[in-house]
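Worksheet: the structure to be examined is printed underneath.
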Amino acid sequence: MIKNVLLVEDGSLSRDHGVRTLREFGCAVSVASSVAAALAQLGSKEFDAVLIDFRLASLGGSGLPATATTRYPRMQLVLMVDEAVNTPLS
C-alpha cells in the first residue's frame, strides 16, 4: 500500500490539488517544487511513490526518474502530464 508520496510539481495550483487529493486517500505527502529539492528529499526519506511533473522530469536530463528508481527499485514512479499538453494540434 502506498503511504509516503513525494509530489514533484512546480505549479502551485497543481501542487495544492495533488496534495489535497493524495491526503484524501490517506497518503503522507512531501512536496518538492524543483528537481534539486526532489533529489535532496529522496536522499533523506524513503517513499512508496514519486509523482513527477513530466516537464520537470525531462528538463535538461535532470536524471530524477533514473535516480529515484535506482535508489528505490520497488518504489512506484508516476510521470504526470498537464491537460494542456493533450489538446489537439491545429
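Laboratory data are not the source of any read-out in this text; all were calculated from the coordinates shown. Since this is a predicted model, take the numbers as computed values, not measurements. Glycine also receives a Cβ, built like all others from the backbone with ideal geometry; neighbour counts cover every protein chain displayed.
A few points about this structure:
- Label-reachable residues, region 3-42, where backbone N falls under 19 Å from a point 7 Å from THR70's Cα toward its Cβ: 35-42
- Classified by the C-alpha gyration tensor, region 1-59 has an oblate form. Its axis ratio a/c, with a ≥ b ≥ c, is 1.5 or above, and a/b does not exceed b/c.
- Dipole in debye (nearest 20) - region 19-68, about Cα centre, beta carbon charges: Lys, Arg +1; Asp, Glu -1: 120
- From most to least packed by mean Cβ count within 10 Å, the peptides 51-57, 31-37 give 51-57, 31-37.
- Length gained when the stretch ALA36-ILE2 is fully extended (0.36 nm per residue, less Cα-Cα span): 9.9 nm
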